[in-house]
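Worksheet for the structure shown next.
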Amino acid sequence: MPSLFQHIFPGLHKRPVSIRRSVFRLSMPVLLSSLFQRLVGIADIFMTGGLGAPAIAATGLGQLLIFTTMTIFWGLSTGTTVVIAHLSGAGRLDEARRAACTAATACLTLTAVCTVGGTIWGAGVARLIGASAEVQALARDYIQLVFLWMVWTTGVNILSAIMHGNGQTRIPMQGILLVNILHILIAWLLIYGKFGLPALGVKGAAIAINLSECIGFCYLLYQAFKHRYITCNLPDIRLFKKIWRVGWPVALERVAHQSGQLVYSSFIIAYGTTAYAAHQIGLAIESLSFMPGAGMGIAAATLMGQSLGAKKYRRAQAGHGEAMRLALAVMGGMALLFLALPQHLVAIFTNDPDVIRQGAVFLRIVAFAQLPLAASFVYAGSLRGAGDTFYVFIVTMLTMWGVRVLSAWIAASWLHLSLYWVWGVFLVDWYVRGTAFAWRYHKRDLHGITV
């Protein structure tokens, strides 16, 4: 008789080697790509750490606004990956290439709109959430420069999504690795003014992002045309509707999540610049832990889409099980690391004793969120691969706003509890979210699903 654990997470027992290899082949490059992509932001937090808590807070605010703006592009990218995965899985490669060109055209149009809006109004967000005058001044330069050239960021994102849908995850990993190497080198030169260059501080970090992602975009565009993942043709409205039908709930999901993060951040920053700096460093470190889960989630979505496109339903379920097992194992290990060495991890980013002390508490709290995070990523990825993106959006919106933001408001503004209580509410968010995704996945009938 199967155990309760096997009932909740079926497929975690031994699977055929071919399934395991497919999960590794897809997830490991995606994992590394996600890690390297996140390292761009982590490197900025790390290198501006030597400039003091206001610089850390300003960089973190700038990154949060960029992430919030990228929500619509993540929706477009998810829709692109799922539709191309279904088309390539069914052997309809010409259609997959047309879908890629249609997605790239839509991405360019949306980027133009966001560039204008972000450059003009983006800097005002720091004032709206209550940042100090010094943090506002530092954030302004960072936000305006990154928005002005965000076409490179969105371009890297959509080209990676196109390749992921085709089952090609190695080339996007190479592109992101190139971006990281260049970014770290250029940022170090410009932030601190090495070899006679001016010391630009936070502004130098933004310039480094623009230059490195421009080169990464050019590399991925060359590879996309070389391997015929994309062809030049007029946008196909029918394919765009398919992409957006899958992608718009993801966009709304990310809007709900990131806008909730902005409001949640306003509660954190009310405890002071030091508290918010600790929060940003903690998030930077924690992001290293959820990259494996995110990678497995993308692998699960790709395998699910390709398997359903080819009507291989047992393979779809087996791929989900393998992704789940690997995500739980890796993120469980990271939880133990956060519990054992929190002060040492925070001290890598800053020597401010108050920031280290508060950041260590943050890491101990997030250690208990690692397993529900892992399950949430994989379940959500499999649901997206099956085209069930609207349910993922509804759950994300309700848990972010109905659990995290509401609970944080009660703790901070009504009960006037300590910062640690405000941090702790997101544990409830992730446990509820993971449970809701698991319930939906096990209720779905994969047979007959089309995108």
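The values are calculated or read from the model by the stated rules, or taken from the named source; none is laboratory data. Please read these numbers as outputs of a predicted model, since none were measured by experiment. For neighbour counting, all protein chains shown are included, and Cβ atoms are generated from backbone atoms with ideal geometry for every residue, glycine included.
Brief remarks on what is shown
- First in the range 104-120 and closer than 17 Å to residue 236 by Cβ, second anywhere and surrounded by fewer than 18 Cβ atoms within 10 Å (Cβ to Cβ), Cβ under 8 Å, 6 or more apart: 105/235; 106/235
- Tallying residues that are closer than 29 Å to residue 126 by Cβ and not in a helix (DSSP H, G or I) within the range 64-93 yields 1.
- Matching residues, the range 143-202, being aromatic (Phe, Trp, Tyr) and on the phi > 0 side of the Ramachandran plot: 195
- Hits in the range 276-308 (condition: closer than 13 Å to residue 82 by Cβ and of a type in the set (Val, Ile, Thr)): 298, 302
- For residue 88, the conditions (1) touching a residue at least 12 places away in the same chain (Cβ under 8 Å); (2) closer than 29 Å to residue 397 by Cα; (3) among the small types (Gly, Ala, Ser) all hold with the exception of (2).
- Of all the residues in the range 404-440, those that are assigned to a helix (DSSP H, G or I) and within 15 Å of residue 265 (Cα to Cα) number 18.
- Flag for residue 344 being assigned to a helix (DSSP H, G or I), out of contact with any Phe, Trp or Tyr (no Cβ under 6 Å at 6 or more places or on another chain), within 30 Å of residue 55 (Cβ to Cβ) and not basic (Lys, Arg): yes
- Hey, residue 233 touching a residue at least 24 places away in the same chain (Cβ under 8 Å), closer than 15 Å to residue 100 by Cβ, in contact with a helix residue (DSSP H, G or I) (Cβ under 7 Å, 6 or more places away or on another chain) and of a type in the set (S, T, N, Q) or not: yes
Let's see how each residue does on (1) in contact (Cβ under 8 Å) with a residue 24 or more places away in the chain; (2) surrounded by 24 or more Cβ atoms within 10 Å (Cβ to Cβ); (3) more than 30 Å from residue 386 (Cβ to Cβ):
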position	(1), (2), (3)
44	yes, yes, yes
48	yes, yes, yes
57	yes, yes, yes
61	yes, yes, yes
70	yes, no, no
73	yes, yes, no
78	yes, yes, no
82	yes, yes, no
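- Taking (1) over 16 Å from residue 64 (Cα atoms); (2) among the β-branched types (Val, Ile, Thr); (3) surrounded by 21 or more Cβ atoms within 10 Å (Cβ to Cβ) in turn, residue 146 satisfies each apart from (1).
- Residues of the range 187-209 that turn out to be buried (at least 20 other Cβ atoms within 10 Å of the Cβ) and in a helix (DSSP H, G or I), as a count: 10
- Check on residue 377, surrounded by 24 or more Cβ atoms within 10 Å (Cβ to Cβ) and more than 23 Å from residue 429 (Cα to Cα): no
- Residue 445 charged (D, E, K, R), part of a helix (DSSP H, G or I) and at pLDDT below 90: no
- Checking the stated criteria, residue 225 turns out not to satisfy the condition of being hydrophobic (A, V, I, L, M, F, W, C), in contact with a Ser or Thr (Cβ under 9 Å, 6 or more places away or on another chain) and buried (at least 19 other Cβ atoms within 10 Å of the Cβ).
- Within the range 380-394, restricting attention to residues that are surrounded by fewer than 24 Cβ atoms within 10 Å (Cβ to Cβ) and assigned to a helix (DSSP H, G or I), the residue that is nearest to the chain's Cα centre (by Cα) is 393.
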